[in-house]
Amino acid sequence: MIYDNHNRPISYLRLAVTDRCNLRCFYCMPEEGIKYLPKHQVLSYEEMERLVRVLAKLGVEKVRITGGEPFVRAGLMDFLHRLAEIDGLNDISLTTNGVLTAPHIPALAALGVKSVNLSLDTLDRARFHKITRRDELPAVLKTLDALLEAGIQTKINAVVMDGQNTQDLVPLTEMTRTMPVDVRFIEEMPFNGEGSHYPVLNWTHKRIIEEIRAHFPDLQKLLDPPFSTSANYQIPGHQGTIGVIAAFSRTFCGTCNRIRMTAQGTLKTCLYDDGVLDVRALMRSGASDEELTTAFLKAFSHRPANGFEAEQKRDTVTESMSTIGG
Ligand code: SAM
Ligand code: SF4
């Protein structure tokens with residue numbers, strides 16, 4: 001196990017396999033004018049497999065595949081099969097918008113994928129269309145059904161947006177009554193390709209939980225698992241749980257065990273940093289595994305203490321979450 005300069009273990013990699021997407025979520029991308037990376041600038045599957053092998057030797061045990069939308073990249077399932085063979089990796093999971101996912105779920109279950117995070121910000125078709133700029137709610141709900149049927153642990157990610165979907169807090173919470181899902185409400189971050197949507201964030205984690213408690217007064221706090229980014233709750237008698245992720249307020253940095261690899265192969269040791277290592281350039285210039293390892297270790301020994309420190313060291317955040325992976 002490898003530790004950073006603040007004595008936090010680094011055990012979890014979030015790997016963006018593409019920056020492309022079939023939705024245009026309001027909080028993630030502008031409606032038009034997105035400049036996707038040219039293909040040669042995106043890591044090949046071979047390059048990604050290699051860097052995961054190197055990181056697994058350093059103690060990374062868990063990889064979450066994200067994007068962009070992972071399922072818009074051809075060959076994803078073959079890549080997952082290759083990852084499943086890597087020694088030391090014991091948890092492969094995915095984050096998906098669910099539009100193209102349903103047909104792959106039996107294969108994901110067979111591969112041993114433990115959990116899938118499904119993005120779903122509303123159960124109302126018109127609002128879904130407005131938020132994602134595509135009319136795909138039925139396909140996403142099909143994926144949800146298929147995940148539950150396959151017995152894959154399912155987390156629903158819902159970004160809470162002022163003036164867009166705060167009326168969905170209660171219906172999304174209601175889902176936990178009959179479904180064994182973990183619904184997680186996420187504070188909106190300024191990673192939308194344009195900069196912040198608001199002068200101040202009105203819907204903080206505190207307000208989100210107050211709103212839910214107003215409708216479900218017997219909401220109970222659960223013990224959070226180690227390294228959890230969500231504060232977790234349950235309503236007695238409900239099958240599922242709810243969680244709130246203070247992604248903008250950044251309350252969880254003290255136990256952060258994650259690193260991120262963007263689709264173009266830039267290492268981020270904090271969600272809010274600007275990228276700390278060009279792994280693609282290193283690999284393409286012929287670096288050996290030992291040289292890659294040394295470069296990773298150096299980056300891990302300079303991690304910012306928290307997302308505020310990381311943000312201070314860079315220009316204003318304007319990138320899209322589709323390049324980072326969430
Ligand atoms: N396309 C996949 C999806 O939507 O699930 C995976 C990539 S997406 C960038 C990963 C997660 O980041 C999603 O759950 C999404 O809701 C979240 N996300 C994107 N932009 C965000 C933002 N500005 N603030 C908070 N969460 C965001
Ligand atoms: Fe696509 Fe996911 Fe971003 Fe939505 S949040 S635009 S689904 S990458």
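The values are calculated or read from the model by the stated rules, or taken from the named source; none is laboratory data. These figures come from a predicted structure and were not determined experimentally. Cβ sites come from the backbone with ideal geometry, for glycine too, and all protein chains shown count toward neighbours. Keep in mind that these areas ignore ligands, DNA and RNA; they rest on the heavy atoms of the full protein, side chains included. Shrake-Rupley method; radii C 1.70, N 1.55, O 1.52, S 1.80 Å.
Hey, among Leu89, Leu108, which residue is touching a helix residue (DSSP H, G or I) at 6+ places or on another chain (Cβ under 6 Å) and at pLDDT 95 or above? Step through it out loud before you land on a result.
Values: Leu108 fails: touching a helix residue (DSSP H, G or I) at 6+ places or on another chain (Cβ under 6 Å).
After applying the criteria, what remains is Leu89.
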Quick check on Phe26: is it among the aromatic types (Phe, Trp, Tyr) and more than 14 Å from ligand 2 (Cβ to nearest atom)?
no
Please work out if Thr318 is of a type outside the set (Asp, Glu) and open to solvent by 60 Å² or more (accessible area, probe 1.4 Å).
yes
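Please go through segment 213-230 and give me each residue that is over 25 Å from Cys256 (Cβ atoms) and outside any strand (DSSP E or B), ordered by number. I'd like the intermediate steps shown before the answer.
Start the filter on segment 213-230 by keeping residues that are over 25 Å from Cys256 (Cβ atoms), which leaves 213-220.
Scanning segment 213-230 gives Arg213, Ala214, His215, Phe216, Pro217, Asp218, Leu219.
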Mind telling me which of the residues Phe227, Phe191 ends up being at pLDDT below 95, under 20 Å from the mean Cα position of the chain (by Cα) and surrounded by 21 or more Cβ atoms within 10 Å (Cβ to Cβ)?
Phe191
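If you check Leu120, Leu147, Leu141, which single one turns out to be within 12 Å of ligand 2 (Cβ to nearest atom), farther than 23 Å from Val200 by Cβ and modelled with pLDDT of 95 or more? Outline the logic, then answer.
Details: Leu147 fails: within 12 Å of ligand 2 (Cβ to nearest atom); Leu141 fails: within 12 Å of ligand 2 (Cβ to nearest atom).
Just one listed residue meets the conditions, Leu120.
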Which one is most open to solvent (accessible area, probe 1.4 Å) among residues in segment 195-212 that are assigned to a loop (DSSP other than H, G, I, E, B) and of a type outside the set (Val, Ile, Thr)?
Pro199
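Of the residues Glu69, Glu32, only one is modelled with pLDDT under 95 and more than 30 Å from Met1 (Cβ to Cβ); which? Outline the logic, then answer.
Values: Glu69 fails: modelled with pLDDT under 95.
After ruling out the rest, the residue left standing is Glu32.
The rows are residues; the columns are (1) more than 12 Å from ligand 2 (Cβ to nearest atom); (2) touching a residue at least 40 places away in the same chain (Cβ under 8 Å).
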| site | (1), (2) |
| --- | --- |
| Thr154 | yes, no |
| Val159 | no, yes |
| Thr166 | yes, yes |
| Leu169 | yes, yes |
| Met175 | yes, yes |
| Asp182 | yes, yes |
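Within segment 285-317, track down each residue that is of a type in the set (Val, Ile, Thr) and over 18 Å from the mean Cα position of the chain (by Cα). Give the derivation first.
Quick first cut of segment 285-317, residues of a type in the set (Val, Ile, Thr) only: 293-294, 316-317.
Of everything in segment 285-317, those that are of a type in the set (Val, Ile, Thr) and over 18 Å from the mean Cα position of the chain (by Cα) turn out to be Thr293, Thr294, Thr316.
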Quick check on my filter: what residues within segment 281-315 are closer than 27 Å to Tyr27 by Cβ and buried (at least 16 other Cβ atoms within 10 Å of the Cβ)?
Arg303, Pro304, Asn306, Gly307, Ala310, Glu311
Taking the conditions exactly as written (hydroxyl-bearing (Ser, Thr, Tyr), more than 15 Å from ligand 1 (Cβ to nearest atom) and surrounded by fewer than 21 Cβ atoms within 10 Å (Cβ to Cβ)), does Thr178 satisfy them or not?
yes
Scan of segment 254-272 for residues that are surrounded by 21 or more Cβ atoms within 10 Å (Cβ to Cβ) and not basic (Lys, Arg), ordered by number:
Cys256, Ile259, Met261, Thr262, Ala263, Gly265, Thr266, Leu267, Thr269, Cys270, Leu271, Tyr272
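Could you say whether any residue in segment 154-162 is among the small types (Gly, Ala, Ser) and touching an Asp or Glu at 6+ places or on another chain (Cβ under 6 Å)? Outline the logic, then answer.
Residues of segment 154-162 among the small types (Gly, Ala, Ser): 158.
Subset that is touching an Asp or Glu at 6+ places or on another chain (Cβ under 6 Å): 158.
Yes, that holds for at least one residue.
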Scan segment 127-147 residue by residue and report those that are under 24 Å from Arg64 (Cα atoms) and not in a helix (DSSP H, G or I).
Glu136
